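Read through the structure below, which is laid out as structure tokens, and then see the notes.
The values are calculated or read from the model by the stated rules, or taken from the named source; none is laboratory data. Please read these numbers as outputs of a predicted model, since none were measured by experiment. Glycine gets a Cβ as well: all are built from the backbone with ideal geometry, and neighbour counts include every protein chain shown. Surface areas here come from the heavy atoms of the whole protein model, side chains and all, with no ligands, DNA or RNA. Shrake-Rupley method; radii C 1.70, N 1.55, O 1.52, S 1.80 Å.
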Amino acid sequence: MTAILKSLHHWESRLDRRAERFALRHPNLALLFMLVAMPIFILAAVIACTMLLAAPLALILGWV
């Protein structure tokens, strides 16, 4: 279990370093991504999770 946690921590820190390097090299593009793309991706993830939960329930209850 600790090996999995260590690998996840290593992966997360590597991703953070890459994102920081990208933001320092391309500040305008990073700002555009943070203000436009991130909210769209978060909304898409919420919609996908809601559909994964609601679609089977709708089929079971006969709403579709």
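Computed values, structure above
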item	result
Carbon + sulfur, % of accessible area of the chain - ligands and nucleic acids excluded, 1.4 Å	75
Using alpha-carbon coordinates, inclination of helix 38-61 to the longest axis of the chain, degrees	20
Structure-based [θ]222 nm, the chain - -39500 (n - 2.57) summed over DSSP H runs of at least 4, per residue, nearest 500	-28500 deg cm²/dmol
Distance (nanometres) between label positions extended 7 Å along Cα→Cβ at residue 4 and residue 26	3.4
Top positive-direction residue, dipole computed over the chain with Cβ charges, set 2, 46, 34	2
Probe 1.4 Å, accessible area per residue of the chain, Å²	94
Dipole magnitude of the chain, debye to nearest 20 (Cβ charges: Lys/Arg +1, Asp/Glu -1, about Cα centre)	300
Global form of the chain, assessed from the alpha-carbon gyration tensor, a/c cut-off 1.5	oblate
